[in-house]
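Asker: Sharing a structure here in C-alpha cells format.
Please treat every number below as a calculation from the coordinates, not as lab data. Here the structure is a predicted model, which is why all the values come from computation and not from measurement. Cβ: placed from backbone, ideal geometry, glycine included. Neighbour counts: every protein chain shown.
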Amino acid sequence: MNVAIMGYGTIGSGVAKILSDNSALIEKRAGCRLTLTKVLDLRDFDGDPIAPLVVHDYNQIAEDDSVDLVVETMGGVEPAFTFVKAMLEHGKHVTTSNKALVADKGAELLEIARANGVQFLFEASVGGGIPIIRTLLTALTGDRIDEITGIINGTTNYMLTNMANEGCGFDEVLKEAQANGYAEADPSADIEGHDATRKIAILTSLIAEATVNYQDIPVEGITGITAEDFIYAKKLSHAVKLLAVCKRQADTFAIRVAPFLLDEEHPLYAVHGVMNAVYVVGNMLGDSMYYGSGAGSLPTASAVVGDLVSMAKEHDKASDIRWSHDTIRLADPDEQSYRNFIRTSLSESGIRECFEIESVLDLGIAGEIGVVTASMTEKAYKEACGRLSDGDIISRIRIG
Ligand code: HSE
C-alpha cells in the first residue's frame, strides 16, 4: 500500500524514518509493504532522499488513486481540516497526530470517514507514543470508565520538574526549556493549559461517545506558579503537576485542567520531566496507569505508524469509532470540591475568618504564611475570596 505524509516536520519525518528503518517488520505485521510515495510540504528539501516525493498541492495526493493511506502531521485546524476531509472523500484512510484538529473536528471527520467507507485514526493526538486511545477503545470496552486523570503535556511537566529540582523561577525555566527544544518559541498553548484541555476533551469524547467542547473546560495553566510555591510543596512532600482531570458524575463529567499538588501516594506523583502518564479508573478494572513518552519525533511517529499498520490490515473496513456530534453539558465546575493550598499575606487569625483551615505553614518567608484549607466547593472558595481584599491571597493551588 502507498502512503503519503502531509507535513514533513518533526513527526512527519519520524514517520518516514520508522517506515524505512522498520520496513521488514511493518510489512510482516501489516500483511503488505507500506511504501512512502508522496510528501506534502511547503518546502522542497533539496538534497534530501525524500525530495523526489515532495508535492506542494494536496490535490496531487487526493487525486492520486495509488495512495491508500495518508498521514496528517501538519498541526492546526486549517488547512489540515480541508486536506484531511479531501483525503477521506477520495477514499483514503487517514491518521493524524493533530490534537487541535481532532478536538475541533473529531466527530465531523469520523462521520465523513464512515460515509466514505474509510478510517480516521488519531492515536498520536493524545499522549504521544502512549497507546491510550486504542486502550480505551479496545482493551477497556468492557468497562465503564469513571475517571481519566492525565499528565498529558510534556512541556509543562518538564518545566515543573525543573522548577522543583533546581529551585528556579518560571521565566528562567521557560527559557531553558526553549533552549533545549522542550518548549516552542510561542509556548502559550502549553503553558496556559490549552494543549492539555484539547487532549482531555478528546479522551472524554471517546468514553462518552459524544462531543466535549474543549472551550467548556475550566483551564488554568502554570504561568502563576513560582519558585516560592515549590518551597512550600517540598515542605508538604507534594509535587506540583499540571493535571487534566475528568471524573464521571451521574450522567455527565466534571473536567478541569489546572496545576495540582499531589502527595507521594498519588500514582502521578513520580511522573517527571517530559514524560506523560494517564491514570484510568474503570468500574470493573479499578485503577490502571499508562506511562511513556508523550511527545517527540519517534514516540509520536510510532503511534502514527501503529495506526497505519492497523488501517492497512483493515483497509476494507470503515471507521467504527463512536463519537457523535451531540454536545455534552459538563458538570458545573463551581460545584467541584477541593482542599486548597493558599499562600496569604494575612495573619493566621485573619485567614481563618474566611476559610476552614486544616494546617498552617510558616516557613519564615517575609510577609506570608501558607495554609491548607478543608475541602470546599469552588463556589465557596470564590465567595470566601470575595470577602478578602486584593493581595490577601498570594497564590492558590488545588490539592489533588
Ligand atoms: N507540546 C506538546 C507537549 C506536544 O508538550 O505535550 C505533544 O502534544
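Asker: Which percent of Cα-Cα pairs in the chain sits in each 20 Å bin, short to long?
Answerer: Per 20 Å bin, starting at zero, the Cα-Cα P(r) for the chain comes out as 27, 52, 19, 3 percent.
Asker: Rounded to a whole number of µm²/s, how large is the Stokes-Einstein D of region 345-389 at 37 °C and 0.692 mPa s, given Rh as the Kirkwood radius over C-alpha pairs?
Answerer: 295 µm²/s
Asker: Quote the charge dipole size of the chain about the Cα centre in Debye, to the nearest 20; the model charges only the Cβ of Lys and Arg (+1) and of Asp and Glu (-1).
Answerer: Using only the charged Cβ atoms, the result is roughly 800 debye.
Asker: How large is the Kirkwood hydrodynamic radius of region 1-102, counting all unique pairs of alpha carbons, in Å?
Answerer: For region 1-102, inverting the mean 1/r across all distinct Cα pairs yields 13.7 Å.
Asker: If you place +1 on the Cβ of every Lys and Arg and -1 on the Cβ of every Asp and Glu, how big does the dipole about the Cα centre of region 145-297 come out, in debye to the nearest 20?
Answerer: 200 debye
Asker: Name the residue, out of Gly306, Gly286, Gly224, whose mean-square fluctuation peaks in a Gaussian network model built on the chain with Cα pairs under 10 Å.
Answerer: Maximum fluctuation in the GNM of the chain, among the listed residues, is at Gly286.
Asker: Which of Ile365, Ile202, Ile342 moves most in a GNM of the chain, Cα contacts under 10 Å?
Answerer: Ile365
Asker: Amide H of Gln249: which non-local residues (sequence gap of 5 or more, or other chain) have their own amide H closer than 5 Å, using H built in the peptide plane?
Answerer: Ala254
Asker: Which of the trypsin sites (Lys or Arg not before Pro) found in region 340-400 are in a DSSP loop and have at most 11 neighbouring Cβ atoms, other than their own, within 10 Å? All intermediate terms of the calculation are to be shown ahead of the outcome.
Answerer: On the way: sites: Arg343, Arg352, Lys379, Lys382, Arg387, Arg396, Arg398; in loops: Arg387.
Sparse-neighbourhood loop trypsin sites (Lys or Arg not before Pro): Arg387.
Asker: What is the dipole size for region 320-386, taken about its Cα centre, with +1 at each Lys and Arg Cβ and -1 at each Asp and Glu Cβ, in debye to the nearest 20?
Answerer: Charge dipole of region 320-386: 100 debye, to the nearest 20.
Asker: Further question: In the Gaussian network model of the chain, springs joining C-alpha atoms below 10 Å, which of Thr73, Thr156, Thr373 carries the largest mean-square fluctuation?
Answerer: So, out of Thr73, Thr156, Thr373, the one fluctuating most is Thr373.
Asker: Work out the charge dipole of region 129-220 with +1 on the Cβ of Lys and Arg and -1 on the Cβ of Asp and Glu about the Cα centre, then indicate which of Tyr182, Met163, Ala208 is farthest towards its positive end.
Answerer: My answer, from the dipole projection, is Ala208.
Asker: Can you give me the pair-distance distribution of region 250-308, C-alpha pairs, 10 Å bins, whole percents?
Answerer: Histogram of Cα-Cα distances, whole percents per bin: 16, 39, 35, 11.
Asker: Here's a follow-up. What is the distance in Å between the Cα centres of region 372-391 and region 59-100?
Answerer: Cα centroid to Cα centroid, the span is 48 Å.
Asker: State, as an integer percentage, the relative contact order of region 172-312 based on alpha-carbon contacts under 8 Å between residues 6 or more apart. If you can, show how the numbers build up before the last one.
Answerer: Numbers: 154 pairs, mean separation 21.8, N = 141.
Relative contact order, region 172-312: 15 percent.
Asker: In deg cm²/dmol and to the nearest 500, what is the mean residue ellipticity at 222 nm of the chain if only DSSP H runs of at least 4 residues count, each as -39500 (n - 2.57), divided by the residue total?
Answerer: Using -39500 (n - 2.57) per qualifying helix, the result is -10000 deg cm²/dmol.
Asker: Which one of Asn22, Asn276, Met6 is farthest out on the positive end of the charge dipole of the chain, using unit charges on Cβ (Lys, Arg +1; Asp, Glu -1) and the Cα centre as origin?
Answerer: Asn22
Asker: Next up: List the GluC sites (Glu not before Pro) within region 40-110 that fall in a DSSP loop (any state other than H, G, I, E or B) and whose Cβ has at most 16 other Cβ atoms within 10 Å. It would help to have the intermediate numbers written out before the result.
Answerer: Working: sites: Glu63, Glu72, Glu89, Glu108; in loops: Glu63.
Those satisfying the criteria are Glu63.
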